Amino acid sequence: MPLLPRLAGAAAATLALGLVAAAPAPAHEPLVTDARVLAHFDLAAGQTPENIALDLDGSADVTFAFARQVAHVTDDGRVRTRATLPAVAHAATPLLHSAVVTGIARAHDGTLYVDYATGTSATGVWRLSPGDAPEQIAALPADGLPNGLALDERRGVLYVADSARGTVWRVPQAGGTATAWAKGAALAPLPAAPARGFGANGVKVRRDSVWVSNTDRGTLLRVPVRPDGAAGPVETRADGLAGIDDFAFPGHGRSVLAALNTGNRVVLVRADGTVTTVLTARDGLSNPTSVAVRGRTVYVPSAASTTRHDPHLLLARLRHLIGRG
């Protein structure tokens, strides 16, 4: 979530990709094709999609940051509100000033977890169990901005990227005390211009590592998870990614599809750090916030945070398997 206007519009979204084995296309053919908008959202109502979690049936749950909502989008584009996070008095969220719902993650049983940033004691990780009201399961510092969220069910933990404090928090999946798992200059916002105040942003778990984007620094980072669960040294896997928001893995390797929010692009970042643009504003992007992958389908939410035009969920097709490169 890069710095947004104070209007009830802004946030980040997710883009999902699907993959199947196929022969690579010739170099002149695009990797991602057939972009189309699945669902349009209401900017005036604060329906600025920030993040996305996919279900097995091809439907998706997205967070509407400034509406404080989680919405369900069916595979034919119907939208319904799944939950609204409680309003807070005198919200004072760093950088954004309003209460916002940001990252989202789904457990295998359908339970959803979301980040809620308010500048109050309501800031933290909230659980949305099927049929139950939203419940806060972990508090995070009120002066932080919890943004990306990732779930590691094997270890029973959630990872939260805090953009304001430049910290990755670790939270028990069952709820409890949050621990500052990783921090340091690589995760922090820039200390001076062109700083926008957004450090660690997107976060994903990949085998025995946690990957994090840093918006201010335009970097994609990897943090190994040691056998005891502690964080290893932060590694920079790619840089020069201006406006990077959240991202997803479109295959079995270390290649990443990343949303570049301010540049209205989605790019493929290969394991060797090379970057290729695969979607642009010409495909319909309007400040993309995140990426998700299901089979060969790519999901990209656009928040229209600065374009102020057409927040939506875009679908596209991945032409071939990325593989382990």
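The values are calculated or read from the model by the stated rules, or taken from the named source; none is laboratory data. Being a predicted model, the structure only gives us computed values, none of them experimental. Glycine gets a Cβ as well: all are built from the backbone with ideal geometry, and neighbour counts include every protein chain shown.
Quick notes on this structure:
- Failed item in (1) more than 20 Å from Val62 (Cβ to Cβ); (2) in a strand (DSSP E or B); (3) not hydroxyl-bearing (Ser, Thr, Tyr), with Pro191 passing the rest: (2)
- Every residue from the range 237-261 that is buried (at least 18 other Cβ atoms within 10 Å of the Cβ) and either at pLDDT below 95 or assigned to a loop (DSSP other than H, G, I, E, B) (or both): Leu241, Gly243, Phe249, Pro250, Gly251, Arg254, Ser255, Asn261
- For Thr167, the requirement of being under 25 Å from Ala292 (Cα atoms) and of a type in the set (Ser, Thr, Tyr) is met.
- Test: residue in the range 116-123 that is of a type in the set (Gly, Ala, Ser), in contact with a strand residue (DSSP E or B) (Cβ under 7 Å, 6 or more places away or on another chain), without any contact (Cβ under 8 Å) to a residue 24 or more places away in the chain and part of a loop (DSSP other than H, G, I, E, B): yes
- Residue count for the range 169-188 under the criterion of being out of contact with any Asp or Glu (no Cβ under 7 Å at 6 or more places or on another chain) and either basic (Lys, Arg) or assigned to a strand (DSSP E or B) (or both): the result is 8.
- Being closer than 22 Å to Ala65 by Cβ, touching a residue at least 40 places away in the same chain (Cβ under 8 Å) and of a type in the set (Phe, Trp, Tyr) holds for only one residue in Trp126, Trp169, and it is Trp126.
- Unique match (being touching a residue at least 60 places away in the same chain (Cβ under 8 Å), surrounded by fewer than 16 Cβ atoms within 10 Å (Cβ to Cβ) and either touching a Cys at 6+ places or on another chain (Cβ under 7 Å) or not aromatic (Phe, Trp, Tyr) (or both)) among Arg196, Arg155: Arg155
- Among (1) of a type in the set (Gly, Ala, Ser); (2) crowded, with 21+ Cβ neighbours inside 10 Å; (3) at pLDDT below 65; (4) touching a strand residue (DSSP E or B) at 6+ places or on another chain (Cβ under 8 Å), the one test that Gly18 misses: (2)
- The residue of the range 41-80 that is nearest to Val300 (Cα to Cα), among those that are more than 19 Å from the chain's Cα centre (by Cα) and assigned to a strand (DSSP E or B), is Val79.
- Test: residue in the range 159-166 that is surrounded by fewer than 23 Cβ atoms within 10 Å (Cβ to Cβ), part of a strand (DSSP E or B) and in contact with a strand residue (DSSP E or B) (Cβ under 7 Å, 6 or more places away or on another chain): no
- Test: residue in the range 145-157 that is more than 21 Å from Lys183 (Cβ to Cβ) and acidic (Asp, Glu): yes
- Residue match in the range 75-82 (condition: at pLDDT 95 or above, under 26 Å from Thr215 (Cβ atoms) and either crowded, with 20+ Cβ neighbours inside 10 Å or in contact with a strand residue (DSSP E or B) (Cβ under 6 Å, 6 or more places away or on another chain) (or both)): no
- The one condition in (1) among the small types (Gly, Ala, Ser); (2) crowded, with 18+ Cβ neighbours inside 10 Å; (3) without any contact (Cβ under 8 Å) to a residue 60 or more places away in the chain; (4) within 23 Å of Asp115 (Cα to Cα) that Ala174 fails to fulfil: (2)
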